[in-house]
Amino acid sequence: METRTQTDKTVDLTKEKVRTPSFDVSSLAGQGDPMLAQNPVMIDVRGLHVYYGDFLAVKNVDMPIRQNEITSLIGPSGCGKSTVLRCFNRMNDLIETARVEGVIEYHGVNLYGDSVDPVEVRRRVGMVFQKPNPFPKPIYDNIAFGPRIAGWNGKMDDLVEESLRRAALWDEVKDKLHESAYALSGGQQQRLCIARAIATSPDVVLMDEPCSALDPIATLKIEELMLDLKKDYTIIIVTHNMQQAARVSDRTAFFSVDVSERGRTGYLVEFARTQDIFTKPEKKQTEDYITGRFG
Amino acid sequence: MTTEALTPENVERLLSGSPRRRSKERAIRWFFWTASATSILITLAIVLSLVGEAWTFISQADPSSLWEIGWFPRRGLFDVKTIVAGTLLVAGIAMLVAGPLGLGTAMYLSEYARPSIRRVVKPTLELLAGIPSVVLGYFALTFITPDLLKRIFGNQVAGFNLLAAGIGVGILTIPLVASITEDALRAVPRSLREASYGLGASRMSTSIRVVFPAAVSGVVASLIIAVSRAIGETMVVAIAAGATGGSLFSLNVLQPGQTMTAAMTALAIGSDRVRGADNAFQSLFFVGLLLFLVTLFLNVISERFVRRVRQKY
């Protein structure tokens, strides 16, 4: 009896991995998953405004992000989705003039609270960038960088192997761990960046258009990887590719932009389950955007 | 543009282009070629003249006079190790000053300083680079020695000494190290810094473990240029290190000493002809060649070193 349950589970996992990447509404992620609604909120965004100097770049974002889900942020260029993403690990702090209003609660603690050290936030909230950006160091050192600076002192070899396996890269690089990461292809570099991000064992991984510099096959691999990783991590992804959002994400936030003579201010239009956003959006704006692209 | 029928004849004429443009292209090419050829020729001419006179000197000099007592060219004593040691001591002291201060300044400007602070520090640094070395020579002689070194070392320190000269040369090379290193650090792509911060690295870890290694070729280049500059620097040493007439072999930096460049100046000034032993004049070229070889050696070594440690991005 028990053995059978085990087998069923294995089969399910395999199915998940070979999910076809072509866009098809019936294959929307999370559809028919009764567990979906019960995932607890991990990051709660309330009344978020982001300013650059005194210019309002993004306004009014309210968005509960749930654990072990993939949440995608979509919308036209300049709508502030990357800006919002970079609030989750306080990456915007690196921009002198950036200022954030509102609350981003992570496990109930405001990430912008006075006692919060952005360095500690980034150890728990990893990030993968638009262009693969491995360090010009050997593959091994790329993975070991995060744990080393965090003062981690377990068996580094094991951690490196585990991280690379987790990112589905181990078999391709196990014989050249001490060669430069720059010798890898773009897709491999991006998976290396994912391995590097999860080596510090974060519980959230942010991805800022992780596939925009990759070819379709490499993109497919990253998407499969994301679906695999969400068992252990909460993933937030910014993407220009709506099919990608539809394929991988459980919930989707659609952003749009107000253009005034002072510049562009992004705002959240609609945040819902991905299947709802793509099949029965509540706002006309969402529907126009989605059908405009797909029509 | 007039529209004309694209018959084969018309197209052939159109595609053959303008002869004027082609001759202009050739002229420009010739000009650039001449410019680079001239600079190479000049370099070769210098080296040849050095080697020629230096050879005359070596073939005439008494071999024993090249390696004992000290550097007294007017008395026929050409102890090479005296001036080589003086040069290396001054350059070494200079790098002890300019290395940490220059690299630290560059690191601060590139990784830590706010734009408003950069706007003040950078021009100040350029001001320092603009100070003529003769001024720094007197600064070393009239400030560093009496007000700084005398307070630390008391009467052990002579009025003219290698230490003050070395510190003066070091101050002179700070802007060089700082500005070349800063350029190299700032050239490191922002994406690498973001990767580092994104993994929870502090500013210090990012600067030291990511930015600095990626920029190391520029950093080493700046240090090598600074060493070459320190070895070639003449005025500060001639003024502050004393020993204008000659010097006994000594490694005591608190005492006067002679460097290769200062030795050449000391011989060449104050007269329309070089006085002293018969081959004192040729000894100038010999020292010049020695200087050239030391600098060449440094450049080759650094090239090798950079190729080995470089993290290419």
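Yes or no, residue by residue, for (1) surrounded by 22 or more Cβ atoms within 10 Å (Cβ to Cβ); (2) touching a residue at least 40 places away in the same chain (Cβ under 8 Å); (3) under 21 Å from the mean Cα position of the chain (by Cα); (4) more than 24 Å from A:ARG86 (Cα to Cα):
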residue	(1), (2), (3), (4)
A:ASP215	no, no, yes, yes
A:ILE222	yes, no, yes, no
A:SER249	yes, yes, yes, no
A:GLU261	no, no, no, yes
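Kindly evaluate A:ASP228 against the criterion of being closer than 22 Å to A:GLN130 by Cα, within 14 Å of chain B (Cβ to nearest Cβ) and either aliphatic (A, V, I, L, M) or out of contact with any Gly (no Cβ under 9 Å at 6 or more places or on another chain) (or both).
Considered against the rule, which asks whether it is closer than 22 Å to A:GLN130 by Cα, within 14 Å of chain B (Cβ to nearest Cβ) and either aliphatic (A, V, I, L, M) or out of contact with any Gly (no Cβ under 9 Å at 6 or more places or on another chain) (or both), A:ASP228 comes out as no.
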*Take the stretch B:228-265 and flag every residue that is buried (at least 20 other Cβ atoms within 10 Å of the Cβ), out of contact with any helix residue (DSSP H, G or I) (no Cβ under 6 Å at 6 or more places or on another chain) and aliphatic (A, V, I, L, M).*
B:ALA243
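Within the group B:ASP79, B:ASP62, which residue is crowded, with 18+ Cβ neighbours inside 10 Å, among the acidic types (Asp, Glu), over 30 Å from A:ILE95 (Cβ atoms) and out of contact with any Pro (no Cβ under 6 Å at 6 or more places or on another chain)?
B:ASP79
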*With (1) within 14 Å of chain A (Cβ to nearest Cβ); (2) crowded, with 24+ Cβ neighbours inside 10 Å as the list, and B:ARG190 as the residue in question, which single condition is left unmet?*
(2)
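Residues checked against (1) at pLDDT 90 or above; (2) closer than 28 Å to A:LEU56 by Cα:
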| position | (1), (2) |
| --- | --- |
| A:LYS221 | no, no |
| A:ASP232 | yes, no |
| A:VAL248 | yes, no |
| A:GLU261 | no, yes |
| A:THR265 | yes, yes |
| A:LEU268 | yes, yes |
| A:LYS280 | no, no |
| A:PHE294 | no, no |
*Considering residues of the stretch A:128-152 that are without any contact (Cβ under 8 Å) to a residue 60 or more places away in the chain and charged (D, E, K, R) only, the residue farthest from A:LEU192 (Cα to Cα)*: A:ARG148
*Does B:VAL216 meet the test of being under 19 Å from the mean Cα position of the chain (by Cα), touching a residue at least 40 places away in the same chain (Cβ under 8 Å) and within 14 Å of chain A (Cβ to nearest Cβ)?*
yes
*For the stretch A:53-83, enumerate the residues that are crowded, with 20+ Cβ neighbours inside 10 Å and closer than 10 Å to A:PHE255 by Cα.*
A:VAL58, A:VAL61, A:LEU73, A:ILE74, A:GLY75, A:CYS79, A:GLY80, A:LYS81
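Please determine whether any residue of the stretch A:153-169 is within 11 Å of another protein chain (Cβ to nearest Cβ), hydrophobic (A, V, I, L, M, F, W, C) and without any contact (Cβ under 8 Å) to a residue 60 or more places away in the chain.
So far as the stretch A:153-169 goes, no, none of its residues is within 11 Å of another protein chain (Cβ to nearest Cβ), hydrophobic (A, V, I, L, M, F, W, C) and without any contact (Cβ under 8 Å) to a residue 60 or more places away in the chain.
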*Take the residues of the stretch B:196-213 that are closer than 22 Å to A:PRO138 by Cβ and out of contact with any Lys or Arg (no Cβ under 8 Å at 6 or more places or on another chain): which is nearest to the other protein chains (Cβ to nearest Cβ)?*
B:SER205
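Yes/no per residue for (1) touching a residue at least 24 places away in the same chain (Cβ under 8 Å); (2) of a type in the set (A, V, I, L, M, F, W, C); (3) more than 28 Å from B:PHE212 (Cβ to Cβ):
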site: B:PHE139; (1), (2), (3): yes, yes, yes
site: B:PHE143; (1), (2), (3): no, yes, yes
site: B:LEU149; (1), (2), (3): yes, yes, yes
site: B:ASN155; (1), (2), (3): no, no, yes
site: B:ALA158; (1), (2), (3): yes, yes, yes
site: B:THR181; (1), (2), (3): yes, no, no
site: B:ALA184; (1), (2), (3): yes, yes, no
*asked:* If I filter the stretch A:132-144 for residues that are at pLDDT 90 or above, within 12 Å of chain B (Cβ to nearest Cβ), within 24 Å of A:LEU73 (Cβ to Cβ) and out of contact with any Phe, Trp or Tyr (no Cβ under 9 Å at 6 or more places or on another chain), do I get at least one hit?
replied: yes
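Which one of these is of a type in the set (S, T, N, Q) and touching an Asp or Glu at 6+ places or on another chain (Cβ under 7 Å): A:GLN275, A:GLN243, A:GLN188?
Unique residue meeting the criteria: A:GLN188.
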*asked:* If I filter the stretch A:176-192 for residues that are in contact with a strand residue (DSSP E or B) (Cβ under 8 Å, 6 or more places away or on another chain) and among the acidic types (Asp, Glu), do I get at least one hit?
replied: yes
*Among B:THR43, B:THR56, B:THR87, which is the only one that is of a type in the set (S, T, N, Q), within 17 Å of B:GLN258 (Cβ to Cβ) and surrounded by 10 or more Cβ atoms within 10 Å (Cβ to Cβ)?*
B:THR87
*Single match in A:VAL84, A:VAL128, A:VAL119 (criterion: within 9 Å of another protein chain (Cβ to nearest Cβ), under 16 Å from the mean Cα position of the chain (by Cα), among the aliphatic types (A, V, I, L, M) and under 22 Å from A:ASP208 (Cα atoms))*: A:VAL128
*Looking only at residues in the stretch A:94-122 that are touching a residue at least 60 places away in the same chain (Cβ under 8 Å) and assigned to a strand (DSSP E or B), which one is surrounded by the fewest Cβ atoms within 10 Å (Cβ to Cβ)?*
A:GLU105
*For the stretch A:159-192, what are the residues that are basic (Lys, Arg) and surrounded by 15 or more Cβ atoms within 10 Å (Cβ to Cβ)?*
A:ARG166, A:ARG191
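The values are calculated or read from the model by the stated rules, or taken from the named source; none is laboratory data. On a predicted model such as this, the values are computed, not experimentally measured, just so you know. Glycine gets a Cβ as well: all are built from the backbone with ideal geometry, and neighbour counts include every protein chain shown.
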